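Below: one structure, written as structure tokens.
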Amino acid sequence: MPIMSSDDFSIHRDGCDEVGDGMPISDLPDEVESIEDLDCPCWSELDSLAEIP
């Protein structure tokens with residue numbers, strides 16, 4: 001499940017050390033159209049948005 005960091009509103013994977021005090025979100029923002037739009041390295045093992053649970 002994606003988590004939004006409360007510090008800078010970046011999106012991270014569950015368990016990412018960089019998320020800090022984040023909150024789970026049910027859907028990615030509309031601006032996210034591909035896995036490359038997610039900046040944190042925690043997404044690097046996924047090939048596409050379809051792989052996000």
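Could you give the accessible area per residue of the chain, probe 1.4 Å, as a whole number in Å²?
Using a 1.4 Å probe on heavy atoms only, each residue of the chain averages 72 Å².
Test of understanding: what is the full-extension gain from Glu18 to Asp39, defined as 0.36 nm times their sequence separation minus their Cα-Cα distance? Don't jump to the answer; show the numbers that get you there.
Details: separation 21, 0.36 × 21 = 7.56 nm, distance 1.14 nm.
Stretched fully, the Glu18-Asp39 segment lengthens by 6.4 nm.
Sum up the charges of everything whose Cβ sits under 12 Å from the Cβ of Cys16, counting Lys and Arg as +1 and Asp and Glu as -1, but leave Cys16 out.
On the way: positive: Arg13; negative: Asp14, Asp17, Glu18, Asp39, Glu45.
Around Cys16, the charge tally is -4.
Using alpha carbons only, what's the Rg to Rh ratio of the chain with Rh from Kirkwood? Can you show the working numbers first?
On the way: Rg = 10.0 Å, Rh = 11.1 Å.
That ratio is 0.90, to two decimals.
Probe radius 1.4 Å, ligands and nucleic acids ignored: give me the carbon and sulfur share of the accessible area of the chain as a rounded percent.
On the chain, the fraction of accessible area on carbon and sulfur atoms equals 46 percent.
The values are calculated or read from the model by the stated rules, or taken from the named source; none is laboratory data. Here the structure is a predicted model, which is why all the values come from computation and not from measurement. Neighbour counts run over all protein chains shown; Cβ positions are idealised from the backbone, glycine included. Only protein heavy atoms, including side chains, enter the accessible area calculation; ligands, DNA and RNA are left aside. Shrake-Rupley method; radii C 1.70, N 1.55, O 1.52, S 1.80 Å.
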